[in-house]
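The values are calculated or read from the model by the stated rules, or taken from the named source; none is laboratory data. These numbers come from a predicted model, not from an experiment. Don't worry about glycine lacking a Cβ; one is built from the backbone with ideal geometry, like all the others, and counts go over all protein chains shown. With ligands, DNA and RNA removed, areas are computed over all heavy atoms of the protein, side chains included. Shrake-Rupley method; radii C 1.70, N 1.55, O 1.52, S 1.80 Å.
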Amino acid sequence: MLQLPVLGRSWNKLDGCIERIQEPILSKIYKWGASISNNTPNIFLLLGASKLAKTAISHTVASYFDEQGRLGATIFFDLYHSSCQTFFPSIIQELCRYHPAIYEKVMTGLKKNAKFLHDPPEQQFNFLVTYVFESLTMIGPTLIIVDNLNKCDDRQFLGLLRLFLKFPSNIRLLITSEPEGDIL
């Protein structure tokens with residue numbers, strides 16, 4: 001299997017929230033994430049102050065979409081895992097596990113551009129979108145979760161998130177964060 005430098009933490013079903021308490025927001029996220037409409041926004045931004053169960057919601061959503069076979073990747077930023085340089089390699093690593101066709105595309109791409117891991121994040125993003133997804137056909141939505149975005153160690157990196165709007169319409173990005181000026 002492909003070994004890329006990745007953020008160290010992934011989702012865990014046991015870290016999920018009490019679903020009946022968070023049912024209204026979970027229902028919205030489940031409906032958004034499962035929608036097959038091309039008019040559905042690619043990004044769902046869940047903002048809230050610290051200690052409002054955003055990470056627990058992320059774990060619950062990850063578990064739900066994993067059971068549906070629709071969880072592509074998860075990124076959990078925290079005090080110990082905050083490097084944005086490994087953001088796209090982390091997503092690519094998990095997407096390779098999720099879908100064999102993605103793995104094949106990535107391996108072919110890395111043979112053509114072995115220095116990809118040392119490229120700036122914007123070029124890593126372009127590799128992911130223009131090379132990996134350009135000819136890939138996946139049926140139905142695939143969810144990528146980015147939790148605690150405000151813990152990212154590179155504030156300029158946050159500007160790259162607008163690029164996620166260029167993802168194919170069936171790639172969905174759930175982002176949780178504390179409301180900070182450059183994330184709003």
> For the stretch 53-143, what does the alpha-carbon gyration tensor say about shape, rounded, prolate or oblate, given a ≥ b ≥ c as the root eigenvalues, a/c under 1.5 as rounded, and a/b over b/c as prolate?
Replying inline: oblate
>> Which order do you get for H118, H59, H99 if you rank them by accessible area with a 1.4 Å probe, largest at the top?
In response: H118, H99, H59
>> What is the sum of charges, Lys and Arg at +1 and Asp and Glu at -1, for the other residues whose Cβ falls under 13 Å from the Cβ of F164?
In response: +2
